[in-house]
Amino acid sequence: MDFITSHLLSLILFTPTVAAALLILLPRAQPKLLRWVALLASLVPLALSLVAWMRFDMFAGGFQFEELAGWYTSIGSNYHLGVDGLSLPMVLLTTLLTPLCILAAFSIQERVRVFLALFLLLETGMLGVFLSLDLLLFFVFWEVGLVPMYFLINQWGSKNRDYASLKFLIYTMGGSLGLLLAIQMLRLVVGTFDLPVLYERWPSLNQSLFGLPIGTVKTIAFWAFTIAFAIKVPVWPFHTWLPDAHTEAPTAGSMILAGVLLKLGAYGFLRLVLPLFPAQAQAFAWVLALLAVAAIVFGAFASWGQSDFKRLVAYSSVNHMGFVVLGIAAAAWARGTASAADAVIAMNGAVLQMFNHGLSAAGMFFLVGVLYERTHTRELNDFGGLFPLAPIYGGILIFTSMGSLGLPGLGGFVSEFLVVRGSWPIFPLFTAVAMLGLLLTGAYVLKAIQKVLHGAVNTRWKETALEIAPREVIAIAPLMLLMLVIGIWPAWLLNVINAAVSRLFG
Amino acid sequence: MPLEALLWLIPLPPLVAFFVILLFTRSNRKLSHALAIGLLAVSWLMAMIVFAGAVRTDGLAEHPIQSSIPWFPTGSTVFSVGALIDPLGAVTLFFVAWTLLAIFVYSVGYHNFGQPNGEHDTPGLPPHGAHSRDASGHEHSVPSVEPLYSRFFAFISLFAFGMLLLVVSDNLLTLFVGWEVMGLCSYLLIGFWYGKDSAKRAAVKAFLTTRVGDVFMLLGLATLYAQTGTLSYRTLFSHEVLARLVETPSYIPGLSMAALAGLFLFMGTVGKSAQWPLHVWLPDAMEGPTPVSALIHAATMVSAGVYLIVRCFPLLTAGLEHGSSFTLGLIAFIGAFSALFAATIALAQNDIKRVLAYSTISQLGYMVAAVGIGAYVAAAFHLLTHAFFKALLFLGSGSVIHGVEHGVLHTGNHQLDAQDMFKMGGLRRRMPITFATFLIGGLALSGFPLITAGFWSKDEILADAFGHGHLIVFITLALSALLTAFYTARQITLTFLGEPRTEEARHAHESVWTMTAPLVLLSVFAIAAGWVGIPEHFPGLGGLLPNWFHEFVGSTLGEAPEAVPFSAVPLLTSIGVALTGLGLGWLVYRRIPAGAPDPVARALGPLHTLLKNKYYFDEFYDLILVRPLRWFGETFVYQWVDRGLIDGILHGIGRLAAGLGFFFRRAIDLPVINGFGDLVGEGTKRAGRSLRVLQTGRVQQYLLIGLINVAVVGALLFYLSALRP
């Protein structure tokens, strides 16, 4: 017991890896066994992160459940883990979505063992990013997550998977080149990769470096970080890898991609960019806000313009993540000024929106997948009139779509309202334009519902068993429940976020 | 239980009904409607208890029934939400609870509960009727039960939750939650028969058009919240807060924060209450089942828009003394314009429900205009009476349509449009209860003097407009009152009077008691609701009953606004236009034979075509908004920018990288690096190959070469030594 409590984060982090290794030892020919082992194993990190959630003290400052051990001591890098109110919700989101994705992936028939093992490795990669308090470790996990995802798209994806997986891999790696260089530079200047130490020393550093004024060096490093994370979020115009990757990935891959992987980018802004480069973030916040608004508006327009169901949902992520970045930009701009209170609200909204989008986007991709598995098409014009054929599926689709649309009473509304509320006094013009995106959110969500469900009974699929299966209902029910709970009672989550945000940005 | 606690609970029972029906009792129709109506009755009972308690509370305006709890943290502060009933809330709660109850019961009959399943009915389409065999073996065509019967009750239960939540809210945010939940229900219920192309289009149109207003409203909430740190009415509308809002300049030069927020909130009203220019969705919303039209698109949801501006009256009028009446002026203009504009369209509609839909826009315009001219109490009063008589009219029209559909089942002519008034006539004999109640509703709508509720509330608005010198508004509203009376008389005459114009109308049938009982109930209110607000100085009747409404609701503002002094001009105008309109309508339409054209169409000529096509607003919006935006999304943003430009650049970079690699291979790797390696290797090889000829393996040749070598070297040595001095 003592071991568990003192190594809670390591256990959360590496249980999936161990499970992946275990899977490889199991017989390939027994997919059923493999699936259940993977599912049960993925419940362990969930249970452990619930333990962490319960034991987490939101009023205490700094990081909790910290673990520190030497790693690459010769270059000053340590195995340093810890969580605070920003990362804990993300950890919970990751460990929650992984079992649901595995459950959704029960329908995968070919090379089940490798698929599940890769998926569990992916979980470790994502968790590592949220848990690391060491820049090098952060970077390692950042890259580790890429590889399984690449193979998931490349091996289990649909028709255009080669192009999509390569685009995804090259784009993200291209972005992280600058990140790696910037990390090295920070290490060179401050002498450590340790984040808490860097938080203290780097922002206040005030000497010229490499013969350049410190401001210039910091600005360059700021952009290196920013571009890496902007690609991951993705912020317009770095977003075009997303529709391809999401559309081609297998269902579970799309779920985790939209649910968690995009959050890594936003988390990078919260964890690294804003604390390490407060002055630069403030100076360039308007650029970020501008791009965020572009993502909100153009993402919504592009989503509306799709006739491929999955691509429509993929573009909706661009639209929704735009609100996260808008909140972050507003907070970066206003922190430390007279409107710091607005900054805190915007940031609360941004973090909550990350969580909510994780729920609704994963749910939407799952539902697209349910339909695709039965009809083998994603073309909206092939559907229509499916409601009488699959009434339960239809109800679930409408519910989840409404969550994605930000209907009051469901979680998305609270976070979008907080972002709008926070950024409106800070960036009135940008926020006003963003409202156009919010309007169009309605347009594309209703377009999807109308094109899929409504209309006279569809004779083409009359013989197909379209109705959602019990296993699939179980996979999406927790997401729906959480959307509703957060919409009605957001305080349980916002309290944790708010406490951390107030300390960091208040 | 204290009233504060009861207040919280009012919206919840229908929500429970919604979830229970959808999750568990879908297949059991009886259980589903019993749950929906039973749980709504619980809410209704609680609402009545709260209402009775509220009426009996002295100084309710200063000490409303309220309580609140923290909802979520925002930095160092907490955002609280709560429930509140003040005089305005109490009155709204009263009419909402009653109309909800009436319409829930009505829906049982409307959806043919107890009738057999239709042989050809599918979910998502209105039932077509069934055949049943009676005891003597005769086959009859009978109506068939709605295939999605339970789902309908689930949806209207969720709707009831939204509306009740909106009414009991003490703040703008939960009001907005209820507002949007209703929007969702409106969408789901307009598209209830989603198999019909027109219905699914109408549903999307309604949701998106109102959403235009909603996003502005959201900005309004953000503005108020950012400026004041709260959204609860009590704090927001206190003098200090309002004074601060008026003094703070907004982002738009010349507008104070108060004016900006007021404008934004009003945009929400324009969308929700279907005011021009966002009115286009409401007539199409008639695609939904008729109880939905009555409930959502007449009595409650569209009224919520007016409720919002009545609620925010202190904000809208703040700063009036500084002369910033821009917002109010705009509100008065939009309201009065919508009132007249919609009334003209209603003249040329033949669909019984569409006439009522335009009439609703027009009447809501009355209320909006009333707010715009500062007639707070009159707006609330008309809100109350209109809810009753318009719900009554819609339910009556549903009963008429049902009756005609009965005739359709009898004749088997399914091509007949059962909603076309020109296909009706003489229904008073076949459907006496529907006729009597519809007549009451129609008279109330036209403001028939003295006995109807509509007269008192409409008269008060006219009197306010006249008394406060808003002559243009007064004339516009009087003119639309004339038109209203005219089209109402047209509707009643065409539908109920004269002789049946079709075989179907001849065989129409009075509706079942679950439908007629709510009609009777509502018609009582359509008359009696006016008695609570008879002005004190009204000749003859004034003072017989106290003007309770004015004092009670008026006190919400702190001090009740002064009643306008009595003047004969608005009174005579209001009586005059009502009687003239009704009389003219009856005269023109009383003898229309089957197949005859509309006499007004001939009289108005091309203008009638314009009206019939609703001034071509749908086409206009399609041309300037929908198509360009769609092109922008599909072609510009996706095809050109994303696929063309951005991906083009990416592919360009990719190609550049690949090209560079190719270049390095061709220009550097191959010739230089490989070339050097090759040079070394190949050179050695080539040298070896050329030298190979020397190594023939013949001894004579080696000896010869040796000899030559010795000779050459010897000659060289000799030559060199000979040169030495």
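The values are calculated or read from the model by the stated rules, or taken from the named source; none is laboratory data. Just so it is clear, the structure is predicted and the values come from calculations on it, not from any experiment. So basically every Cβ, Gly included, is an ideal-geometry build from the backbone, and we count neighbours across all protein chains shown.
Points worth noting:
- Selected residue (only one of B:357, B:339 is assigned to a helix (DSSP H, G or I), modelled with pLDDT of 90 or more and within 21 Å of residue B:460 (Cα to Cα)): B:339
- Yes/no for residue A:13 being in contact with a Ser or Thr (Cβ under 8 Å, 6 or more places away or on another chain), within 19 Å of residue A:89 (Cα to Cα) and in a helix (DSSP H, G or I): yes
- Residue match in the range B:55-62 (condition: more than 14 Å from chain A (Cβ to nearest Cβ), assigned to a helix (DSSP H, G or I) and not acidic (Asp, Glu)): yes
- Residue in the range A:59-104 that is nearest to residue A:473 (Cα to Cα), counting only those that are assigned to a strand (DSSP E or B) and polar (S, T, N, Q): A:64
- Boolean, residue B:116 is over 30 Å from residue A:58 (Cα atoms) and part of a helix (DSSP H, G or I): no
- Count of the range A:442-476 residues which are at the interface with chain B (Cβ under 9 Å from one of its Cβ atoms) and either outside any helix (DSSP H, G or I) or farther than 30 Å from residue B:121 by Cβ (or both): 8
- Among residues that are more than 14 Å from chain B (Cβ to nearest Cβ), among the small types (Gly, Ala, Ser) and farther than 26 Å from residue A:131 by Cα, residue A:283 is included.
- Residue A:318 passes every criterion in (1) more than 12 Å from chain B (Cβ to nearest Cβ); (2) in contact with a Pro (Cβ under 9 Å, 6 or more places away or on another chain); (3) β-branched (Val, Ile, Thr) apart from (1).
Yes or no, residue by residue, for (1) farther than 15 Å from residue A:280 by Cβ; (2) in contact (Cβ under 8 Å) with a residue 60 or more places away in the chain; (3) more than 27 Å from the chain's Cα centre (by Cα):
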residue: A:184; (1), (2), (3): yes, no, no
residue: A:188; (1), (2), (3): yes, no, yes
residue: A:194; (1), (2), (3): yes, yes, no
residue: A:201; (1), (2), (3): yes, no, yes
residue: A:209; (1), (2), (3): no, no, yes
residue: A:212; (1), (2), (3): no, no, yes
residue: A:217; (1), (2), (3): no, no, yes
residue: A:220; (1), (2), (3): no, no, no
residue: A:228; (1), (2), (3): no, no, no
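- Here residue B:357 qualifies as within 30 Å of residue B:102 (Cβ to Cβ) and either touching an Asp or Glu at 6+ places or on another chain (Cβ under 9 Å) or surrounded by fewer than 24 Cβ atoms within 10 Å (Cβ to Cβ) (or both).
- Those residues of the range B:168-194 which are more than 8 Å from chain A (Cβ to nearest Cβ) and over 20 Å from residue B:82 (Cα atoms), in sequence order: B:183, B:185, B:186, B:189, B:190, B:192, B:193
This table checks each residue for (1) more than 13 Å from chain A (Cβ to nearest Cβ); (2) loosely packed, with under 13 Cβ neighbours inside 10 Å; (3) at pLDDT 85 or above.
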| site | (1), (2), (3) |
| --- | --- |
| B:626 | no, no, yes |
| B:629 | no, no, yes |
| B:638 | no, no, yes |
| B:643 | no, no, yes |
| B:646 | no, no, yes |
| B:661 | yes, yes, yes |
| B:671 | yes, yes, no |
| B:677 | yes, yes, no |
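- Only residues that are more than 9 Å from every other protein chain (Cβ to nearest Cβ) and surrounded by fewer than 22 Cβ atoms within 10 Å (Cβ to Cβ) were counted in the range A:477-495, giving 8.
- At least 2 residues being within 10 Å of chain A (Cβ to nearest Cβ) is the threshold, and among the helices (runs of 4 or more DSSP H) wholly inside the range B:195-248 those reaching it are B:197-228.
- The residues on offer are B:132, B:141, and the sole one that is touching a residue at least 60 places away in the same chain (Cβ under 8 Å), more than 14 Å from every other protein chain (Cβ to nearest Cβ) and either over 19 Å from residue B:294 (Cα atoms) or in contact with a helix residue (DSSP H, G or I) (Cβ under 6 Å, 6 or more places away or on another chain) (or both) is B:141.
- Residue, nearest to the chain's Cα centre (by Cα), within the range A:142-164, restricted to residues that are within 14 Å of another protein chain (Cβ to nearest Cβ) and in a helix (DSSP H, G or I): A:164
- Any hit, the range A:132-141, residues being in contact (Cβ under 8 Å) with a residue 12 or more places away in the chain, closer than 19 Å to residue A:250 by Cβ and in a helix (DSSP H, G or I): no
- Hits in the range A:300-315 - residues which are surrounded by 24 or more Cβ atoms within 10 Å (Cβ to Cβ) and within 9 Å of another protein chain (Cβ to nearest Cβ): A:300, A:301, A:302, A:303, A:304, A:305, A:306, A:315
- Taken over the range B:604-614, the residue count meeting the criterion of being farther than 17 Å from residue B:351 by Cβ and surrounded by 14 or more Cβ atoms within 10 Å (Cβ to Cβ) is 3.
- The set of residues in the range B:27-57 being over 28 Å from residue B:532 (Cβ atoms) and surrounded by fewer than 20 Cβ atoms within 10 Å (Cβ to Cβ) consists of B:27, B:28, B:29, B:30, B:31, B:34, B:38.
- Selection count, the range A:450-490, where residues are of a type in the set (Gly, Ala, Ser) and within 25 Å of residue B:204 (Cα to Cα): 3
- Filter result (within 22 Å of residue A:354 (Cα to Cα) and either assigned to a helix (DSSP H, G or I) or free of Cβ contacts under 8 Å to residues at least 12 places away in the same chain (or both)) within the range A:392-406: A:396, A:397, A:398, A:399, A:400, A:401, A:402, A:403, A:404, A:405
- Where residue A:400 falls short, out of the listed (1) surrounded by 21 or more Cβ atoms within 10 Å (Cβ to Cβ); (2) more than 30 Å from residue A:470 (Cβ to Cβ): (2)
- Of B:101, B:125, all but one fail to be surrounded by fewer than 24 Cβ atoms within 10 Å (Cβ to Cβ), in contact with a Phe, Trp or Tyr (Cβ under 9 Å, 6 or more places away or on another chain) and more than 14 Å from every other protein chain (Cβ to nearest Cβ); the exception is B:101.
- Failed condition for residue A:270, given (1) surrounded by fewer than 24 Cβ atoms within 10 Å (Cβ to Cβ); (2) modelled with pLDDT of 90 or more: (1)
- Filtered residue count, the range B:409-428, keeping only those that are in contact with a helix residue (DSSP H, G or I) (Cβ under 6 Å, 6 or more places away or on another chain) and either free of Cβ contacts under 8 Å to residues at least 24 places away in the same chain or under 22 Å from residue B:355 (Cα atoms) (or both): 8
- Condition broken by residue A:349, with the remaining ones in (1) more than 14 Å from chain B (Cβ to nearest Cβ); (2) more than 16 Å from residue A:157 (Cα to Cα) satisfied: (1)
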